[in-house]
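Data block below; observations after.
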Amino acid sequence: MSNRNWTFQTKLLHNDHKFDPVTGGVSVPIQHASTFHQTNFDEYGKFDYSRSGNPTRDALEQAIADLEGGTRGFAFSSGMAAISTAFLLLSKDDHVLVQEDVYGGTYRMITEVLSRFGIEHTFVNMTDLHEVASNIRPNTKVIYMETPSNPLLKITDIEGVTKLAKANNCLTFLDNTFMTPALQRPLDLGVDVVLHSATKFLAGHSDVLAGLAAVKDEELGQKIYKLQNSFGAVLGVQDAWLVLRGLKTLHVRIEQSSNSAMDLANYLETHPAVEAVYYPGLSYHPGHAVHHYQTNGHGAVLSFRLADEEAVKTFVNNVEIPVFAVSLGAVESILSYPARMSHAAMPKEEREKRGITDGLLRMSVGLENCEDLIEDFKQALNKLSPRKTFQKIQ
Ligand SMILES: *Cc1c(COP(=O)(O)O)cnc(C)c1O
């Protein structure tokens, strides 16, 4: 890797893998081999077996390490495989402090799987550093963050949490799926392990499941490598290639989608059928200042609240551009209904308490022309009755 101080945008395209050293091919070769011939009895080459290491996967692992400002990267078969493997750093009787509105799959892993192995957890409101501090126990080994959170885009002060963690000898993990290293670089803010569902913005085209992890500390990197190899949930080579291909356009995709998300958020709050808009780019969003400080942009995901389920149904049946689906972070806009999708397992009362009402919709803004998007939202929203109140609070 060249030491030149290139910007993120340039680094996406110009790295050690910009051409194949054997043929000059301007694309990373897909190496399907599961095993590698050793030419010398006494000296084995860099690769021996593809679970332990594979050149195509290695290219992606180096790419994410470099983009996150780390020393080691790891590619897994899904975001959950990356997150679950990182949790294998914990042992029986350890305790993990987790953000209360963490991703549903992570919630399930912690509450239903880790608990069976004697790993304890406490859910806290991560936006409140006092609450974080007062819940750290002598056996707390990991503090787990996700910022912005899903679906209400709550913001955690990353440096605030990493300082608390360091003072108490615990590691910090951060799920950076919503931001990507294009907008937020947690390792630079003191986070130990950054995690991704590369299924979302990094790959970006709704056509691959993948997970990534990156670390700065080499010793920690060695531990995760051992866990990756032991657990074996590695990313296949075709999928590694798809993520590498998606990464090349990450910067332009996220920039355009974030700009459109800002315009859409501004539009939504003017529409009389919209009761609330949740987007860190809005100046009154409770996390706006912290988010602005720790990122290069507001991101492409926002949520908004309509009156009730009936209003949501009418809107979804009339809006034409976004696909109505789970997931996010793609070239096409994706509209999701948390109450029936990501948070369906949560009792209604719990959901409402967290602000995930039956009227809440989440929108991941894609690459469509923003005026078309706004026009489409307008015609669908115009089918609804005007709101009773507009709430400028989270
Ligand atoms: C989708 C998602 C995951 C899980 O990733 P998979 O690739 O679906 O396993 C984890 N965290 C966040 C924030 C996500 O959006």
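No value in this document is a laboratory result; all are computed from the given coordinates. Note that the coordinates shown come from a computational prediction; the quantities given were computed from them, not determined experimentally. All Cβ positions, even for glycine, are placed from backbone atoms using ideal geometry, and neighbour counts span all protein chains on display.
A straight line joining the Cα centroids of the range 211-277 and the range 354-369 runs 17 Å.
Peptides 173-183, 124-134: what's the order by average Cβ count within 10 Å, highest mean first?
173-183, 124-134
The Cα center of the range 152-210 and the Cα center of the range 1-46 differ in position by 26 Å.
Roughly how big is the chain's charge dipole about its Cα centre, with Cβ charges of +1 (Lys, Arg) and -1 (Asp, Glu), in debye to the nearest 20?
Details: 36 positive and 46 negative charges, 51 e Å.
In total the dipole reaches around 240 debye.
Put simply, the amide H of Thr172, placed in the peptide plane, has neighbours under 5 Å in Ile143, Asp192, Val193, leaving out anything fewer than 5 places away on its chain. Take the Kirkwood radius over Cα pairs of the range 1-142, plug it into Stokes-Einstein at 37 °C and 0.692 mPa s, and you get 176 µm²/s for translational diffusion.
Based on DSSP, what percent of beta bridges with both residues in the chain are antiparallel, to the nearest 5? Present the calculation step by step, with values, prior to reporting the outcome.
Details: 23 of 42 bridges.
Beta bridges within the chain, antiparallel portion: roughly 55 percent.
Over the range 251-381, the pair-distance histogram of Cα-Cα distances with 10 Å bins from zero comes to 13, 45, 36, 7, 0 percent, rounded to whole numbers.
Between Pro138, Pro55, Pro148, the GNM of the chain built on Cα springs shorter than 10 angstrom shows Pro138 fluctuating the most. Rounded to the nearest 10 degrees, the angle from helix 309-318 to the longest Cα principal axis of the chain is 70 degrees. Couplings for the range 328-340, taken from phi via the Karplus curve 6.51 cos²θ - 1.76 cosθ + 1.60 with θ = phi - 60°, read 6, x, 10, 5, 9, 5, 10, 9, 10, 10, x, 4, 10 Hz in order; Gly and Pro are left as x.
Under the criterion of Cα pairs below 8 Å and six or more residues apart, the relative contact order for the range 134-229 equals 21 percent. Could you pull out which residues in the range 302-345 have an amide N less than 16 Å from a spot 7 Å beyond the Cα of Glu375, following the Cα-Cβ vector? Residues 319-322 fall inside that zone. For the chain, the mean residue ellipticity at 222 nm estimated from helices alone is -9500 deg cm²/dmol, where every DSSP H run of n ≥ 4 contributes -39500 (n - 2.57) and the total is divided by all residues, rounded to the nearest 500.
Within the shell of other residues whose beta carbon sits under 15 angstrom from the beta carbon of Ile158, the net charge comes to -3, with Lys and Arg scored +1 and Asp and Glu -1.
Treat every Asp and Glu Cβ in the range 255-394 as -1 and every Lys and Arg Cβ as +1, leave all other atoms uncharged, and give the resulting dipole magnitude about the Cα centre to the nearest 20 debye. Write down the numbers at each step before the final one.
On the way: 13 positive and 18 negative charges, 117 e Å.
Roughly 560 debye, rounded to the nearest 20.
Order the peptides 24-36, 68-80 from the highest to the lowest mean number of other Cβ atoms within 10 Å of their residues. Let's see the in-between values first.
Values: 24-36: 13.2, 68-80: 22.7.
Ranking, from highest mean packing down: 68-80, 24-36.
Placing +1 on the Cβ of every Lys and Arg and -1 on the Cβ of every Asp and Glu, with nothing else charged, gives the range 1-111 a dipole about its Cα centre of roughly 240 debye. From Cα pairs below 8 angstrom and at least 6 apart in sequence, can you work out the relative contact order of the chain, rounded to a whole percent? Over the chain, the number comes to 16 percent. Taking one quarter of the surface of the convex hull spanned by the alpha-carbon atoms of the range 13-80 gives a direction-averaged projected area of 5.9 nm². Largest GNM mean-square fluctuation across Ala82, Ala65, Ala167, computed for the chain with C-alpha springs under 10 Å, falls on Ala167.
Could you work out the relative contact order of the range 251-381? I mean the mean sequence separation of Cα pairs under 8 Å and 6+ apart, divided by the number of residues, in percent.
On the way: 215 pairs, mean separation 38.1, N = 131.
Answer for the range 251-381 is 29 percent.
When 1/r is averaged over all different Cα pairs and the result inverted, which Kirkwood radius in Å belongs to the range 118-160? Every distinct Cα pair counted, the radius reaches 11.3 Å.
Summarising the overall dimensions of the range 212-256 from its C-alpha atoms, the Rg and Dmax are 14.0, 40 angstrom.
According to the calculation over all Cα-Cα pairs in the range 8-247, the P(r) per 5 Å bin from zero is 1, 6, 14, 18, 19, 16, 10, 7, 5, 2, 1, 0 %.
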